[in-house]
Number of protein chains: 2
Amino acid sequence: MSDVAARAGVSHQTVSRVLNGHPHVSATTRTRVLAAIAELGYRRNLSARVLATGRSNVVGVVAQNTTLYGPSSMVQAIGEAALSADLSLTVGHVAGYDATAASRRIVERLVQQGAAGLVFIAPVDAAGEAMRLVPDGVPIVTVDGLPEWQCANVSVDQYTGGLLATRHLLAAGHRTVWHVAGPEQWHGSRAREDGWRAALAEAGAIAPPMARAGWSAASGYQCGRMLARIPDCTAIFAANDHVALGIMRALAEQGRRIPDDVSIIGFDDVPEAGYFHPALTTIRQEFADIGRQALRLLLDQLATGVKSAESALVEPVLISRDTVKTPERIPA
Amino acid sequence: MSDVAARAGVSHQTVSRVLNGHPHVSATTRTRVLAAIAELGYRRNLSARVLATGRSNVVGVVAQNTTLYGPSSMVQAIGEAALSADLSLTVGHVAGYDATAASRRIVERLVQQGAAGLVFIAPVDAAGEAMRLVPDGVPIVTVDGLPEWQCANVSVDQYTGGLLATRHLLAAGHRTVWHVAGPEQWHGSRAREDGWRAALAEAGAIAPPMARAGWSAASGYQCGRMLARIPDCTAIFAANDHVALGIMRALAEQGRRIPDDVSIIGFDDVPEAGYFHPALTTIRQEFADIGRQALRLLLDQLATGVKSAESALVEPVLISRDTVKTPERIPA
DNA sequence: GGCCGGATTGTGAACGCAAACATGCTTGCC
DNA sequence: GGCAAGCATGTTTGCGTTCACAATCCGGCC
C-alpha cells in the first residue's frame with residue numbers, strides 16, 4: 001500500500017480512503033491513486049483489514065452433507081443471496097455433526113477467520129451441540145433448526161408439507177396413508193411425521209405402523225419390499241423423492257402397479273422427479289426463499305447488534321403428477 | 001493473548017510457542033498456559049496470524065454449480081481430503097463462469113483472504129478465463145481442466161469412460177450406438193464423445209448423428225422423444241444418469257421396452273441410479289479419488305514452491321445393471 | 001482584515017500475532 | 001573448575017491496514 005502511495009505521490013491513508021470510497025477525496029487524487037493501483041497490480045490484504053477493523057463481511061456457512069439434494073440446494077440458495085447482498089461466503093463442510101472434533105474445528109476456523117456471522121444448516125439434533133461452540137458475539141442463523149435453541153431460524157414448514165401430502169392421498173380416496181419416515185435425528189422427519197399424523201387424525205383415519213428409512217433410494221427399497229407385501233397398504237407418503245423411488249422399485253418388483261394398486265407421494269421435488277416411472281407426485285420446497293430469508297435474518301442481527309430469535313417459515317407446495325390414483329384436486 | 005500471558009505469568013511469546021507446538025517449552029509452563037487459555041476462553045486471531053506469517057493453511061475452492069451431483073461430490077471429496085491433511089477449506093460459489101464480474105469477485109476474495117492455494121472445479125471453457133485472474137504466486141490445481149491451461153490438473157478419464165460405455169453396448173450385440181451428449185462447453189462432454197467415436201471406429205461401426213442435451217432429465221426427455229421414433233436406434237449412451245432417466249421415460253411413453261427394444265447406459269452412477277426402472281447400467285466416477293489427488297498436487301506445489309503442470313487421471317468403472325440387453329460380460 | 005468552518009491530506013498509533021534476536025540458566029565435558 | 005552447548009524464556013520489531021487526530025488550504029462572513 002505504501003508503494004502505491006509513493007507512486008501516486010500521496011500518503012498511505014489517502015490510498016486507504018480511495019479504496020474504501022471515503023467522501024473527502026478529490027477527483028484528481030482518486031484517479032491518480034487508482035492508476036497507481038492498476039499499474040502495480042496491487043490488491044489489499046484482507047487479513048490486515050480484518051485485523052484493523054475487527055469486522056468482516058464474510059458469512060460462514062456450516063453444512064453437513066452437501067451431496068444430498070436438500071442441503072446442497074440450501075447452500076446454493078444462501079450463496080446466491082449473499083452475492084446480491086455483497087457479502088462473501090465461506091462454506092465449511094462438516095463430515096457429520098456427531099464427529100464433534102471435526103465440527104469444532106470447522107466452527108473454530110470460521111470464527112477465527114473473522115466471520116461476521118454464521119449460518120448453520122442444522123437439520124439434525126447434533127448440530128445444536130456444535131452451535132454452542134460459537135462465541136457469544138457472533139450472530140447465528142440456523143436453517144432447519146429447533147425452536148428450543150433460541151436462535152434465529154428459517155425452516156421449510158415440514159409439518160404443513162406432511163399435512164398436504166397426507167390430505168392429498170386421503171382426498172384421492174384412500175382410507176389411510178402409510179408413512180416411510182426419514183432418519184429420526186432429522187427435525188424435518190419428525191415434523192413431516194407430525195403432519196402426517198395430524199392429517200390422519202382430522203380425517204378420522206387410523207395411523208398404520210410407520211417405517212423408517214434413511215434418505216437414500218437404497219433404504220427406501222428395503223422398506224418398500226416390506227410394504228409391497230401388505231395388501232392393505234395402498235397409499236404411501238415417502239420421506240423424500242429418492243426414498244419414494246426405492247419404494248416404487250420394490251412395489252414394481254412385487255407386481256404392484258402405481259398408481260392403480262398403490263399411490264405414492266414424495267418430498268423435495270428433485271429436478272428429475274417428474275421423470276421417474278411414473279412421474280412422482282411430491283411436495284416442493286422453495287430453497288431460494290430459504291436463502292433469502294436466512295440472510296435477511298442475519299443482516300438484521302448484524303445491523304442491530306442484537307441476537308434475535310426471530311424465525312421464518314417457508315411454505316411447501318404440492319406438485320401433482322402421476323403416482324397418486326384419481327388425481328382429483330383437493331379443495332384449496 | 002497478552003491476557004493469557006499475564007494470567008499464566010509468562011510472556012506472550014511463550015503463549016505463542018505453546019499454541020504453535022514449539023519444542024522448547026517446559027511441561028509445567030505449557031500446562032499453565034493451556035489452563036489460562038481454557039479459563040479465559042481465548043481463541044487466537046487467525047487474521048493476525050496470517051498477517052504476521054504471510055501464509056495460511058486455507059485452500060480455496062472455486063466451484064460453479066454445486067447443485068449438480070458431479071460438482072457437489074467433488075467439493076465434498078476435496079473437503080474430506082483437506083480435513084485429513086489438516087487444511088481448511090473455503091468454498092466460493094460462482095453462479096456461472098461466464099458472469100466474469102462475479103467470478104472475479106470470488107477469486108479476489110479467496111486470494112485476498114490469503115488462501116495458500118486454489119482448487120478450481122473447472123469443467124467448462126469459461127473457467128479458463130477466471131483462472132487467469134489468480135496472481136502468479138498462488139498455486140492452482142484444476143479439476144476437470146484442460147491440458148492447454150498448463151496447470152496442475154486432475155480429471156476423470158472421461159475418454160475412457162466413453163470408450164467403456166460404447167464398447168459395452170457393442171459387445172451386447174448392437175450394430176452401433178447413439179449418443180446424447182452433454183453441453184459442449186463442458187470438457188467432459190467432449191471427451192466422452194471422443195471416446196464414443198473411438199469405440200465405434202475400432203468396431204467399424206458407423207456413427208449415427210449425435211443429439212445434445214443439458215445435464216437434466218428434462219433435456220434428456222426432449223432428446224428421447226426424438227430417438228424413440230427412430231427404429232434403428234437400439235442402443236443409447238447418455239450424457240449422464242439423469243439424462244438417461246429422461247430418455248428412458250420418453251422411450252417408455254413411445255412403447256419401446258428397455259432393454260428388449262433399446263439398451264441404454266448412463267454416466268456418473270448417482271446413488272439412485274440402481275433404483276431407476278429398470279436399474280441403470282452406468283459408468284461410475286470415483287470422486288473421493290479426485291479429492292485426494294487434487295490435494296496431493298496442491299500440497300506438492302506448496303512444498304516445493306514450484307508451479308507444476310503435473311496431472312492425474314482417475315479411472316471410471318463400468319457398473320452393469322439392467323438397461324443393456326443380454327448382459328454378457330465384455331472381456332476384461 | 002481576521003476568523004470560522006468545511007474540504008482535503010498527512011501523521012502516529014493500534015489491531016494480534018510470529019520471527020529474530022537477546023538473555024539467563026542448566027547441563028555436560030575435558 | 002571453567003567453558004561450550006543447549007534449553008527455557010523475554011524483548012523488540014514488523015506484517016498491512018484502519019482509526020483518531022492534527023494540519024493545511026480554501027472560501028465566506030462579520
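Just so you know, all these numbers are worked out from the coordinates, no wet-lab data involved. The model shown is predicted, which means the values in this text are computed figures rather than measured ones. Glycine gets a Cβ as well: all are built from the backbone with ideal geometry, and neighbour counts include every protein chain shown.
Overview of values
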| quantity | calculated |
| --- | --- |
| Calculated from backbone phi, Karplus (6.51, -1.76, 1.60) coupling profile of segment B:292-302 in Hz, x at Gly/Pro | 4, 5, 4, 5, 4, 4, 5, 4, 4, 5, 5 |
| Signed unit charges on C-beta, dipole axis of the protein assembly as shown, positive-most listed residue B:GLY173, B:ALA279, A:VAL306 | A:VAL306 |
| Loop sites in segment A:10-85: trypsin sites (Lys or Arg not before Pro), DSSP, at most 12 other Cβ within 10 Å | A:ARG43, A:ARG55 |
| Cβ-defined net charge surrounding B:ALA273, 12 Å radius [Lys, Arg +1; Asp, Glu -1] | -3 |
| Charge dipole magnitude, Cβ of K and R +1, D and E -1 - the protein assembly as shown, Cα centre, debye nearest 20 | 1360 debye |
| Net charge over other residues, Cβ less than 13 angstrom from the Cβ of A:ARG212 (K, R count +1; D, E count -1) | 0 |
| Rounded tilt (10° steps) of B:241-253 against the dominant C-alpha axis of chain B | 30 degrees |
| Label geometry 7 Å along the beta-carbon vector: B:GLY21 inter-copy distances in nm | 4.3 |
| Efficiency of FRET from Cβ geometry, B:LEU302 and B:THR28, R₀ 30 Å, rounded to 0.05 | 0.25 |
| Pair B:GLN254, B:SER84: separation of 7 Å Cα→Cβ label points (nm) | 4.5 nm |
| ³J(HN,Hα), Karplus 6.51/-1.76/1.60, whole Hz, each residue of segment A:130-140, x for Gly, Pro | 4, 4, 5, 6, 7, x, 4, x, 8, x, 10 |
| Size descriptor, Kirkwood hydrodynamic radius, that averages inverse alpha-carbon separations across chain B, Å | 22.3 Å |
| Estimated distance in nm for a label pair at B:ALA288 and A:LEU19, the labels positioned 7 Å out from Cα along Cα-to-Cβ | 4.4 nm |
| Local electrostatic count, B:THR14, Cβ distance below 15 Å [Lys/Arg +1, Asp/Glu -1] | +4 |
| Whole-number percent relative contact order across chain B, with pairs defined as alpha carbons under 8 Å at least 6 apart | 16 percent |
| Assigned charges on the beta-carbon of Lys, Arg, Asp, Glu; segment B:208-332 dipole about Cα centre (debye) | 280 debye |
| Ellipsoid semi-axes in whole angstrom, largest first, where each is sqrt(5λ) of the Cα gyration tensor of the protein assembly as shown | 47, 33, 22 |
| Relative contact order %, segment B:158-285, counting alpha carbon pairs below 8 Å whose residues are six or more apart | 24 percent |
| Segment A:2-44, relative contact order in percent, only Cα pairs under 8 angstrom and at least six apart counted | 43 percent |
| Size of charge dipole - segment A:1-160 - debye, nearest 20, with Cβ of Lys, Arg +1 and Asp, Glu -1, no other charges | 1040 debye |
| Nearest-ten-degree value, helix A:69-84 long axis tilted from longest Cα axis of chain A | 30 degrees |
| Using a Förster distance of 35 Å, the FRET efficiency for B:ARG229-A:ASP232 (Cβ separation, nearest 0.05) | 0.25 |
| Over segment B:21-68, volume per residue of the alpha carbon convex hull, in Å³ | 159 Å³ |
| Amide proton proximity set for A:ALA312, modelled H, under 5 Å, gap of 5+ | A:ASN153, A:VAL154, A:SER155 |
| Helix B:158-171 axis, angle to chain B major axis (alpha carbon atoms, nearest 10°) | 30 degrees |
| Sequence-distant residues sharing a close amide H with B:VAL91 (under 5 Å, placed H) | A:VAL91, B:VAL61 |
| Karplus (6.51, -1.76, 1.60) ³J(HN,Hα), θ = phi - 60°, over segment A:24-40, in Hz, Gly and Pro reported as x | 8, 10, 5, 4, 5, 4, 4, 5, 4, 5, 4, 4, 4, 4, 5, 4, 8 |
| Label zone at B:ALA6 (point 7 Å along Cα-to-Cβ), backbone N below 19 Å, segment B:19-41 | B:32-41 |
| Within chain B, percent of DSSP bridges classed antiparallel, to nearest 5 | 10 percent |
| Which of A:LEU51, A:GLY9, A:ALA228, positive extreme of dipole for the protein assembly as shown (C-beta unit charges) | A:GLY9 |
| FRET efficiency, A:GLU129 to A:ALA198 (Cβ-Cβ, R0 30 Å, nearest 0.05) | 0.50 |
| Rounded to 5, the percent of DSSP beta bridges in the protein assembly as shown classed as antiparallel | 15 percent |
| Listed residues B:VAL111, A:GLY214, B:THR31: farthest to the positive end of the dipole of the protein assembly as shown (Cβ charges) | B:THR31 |
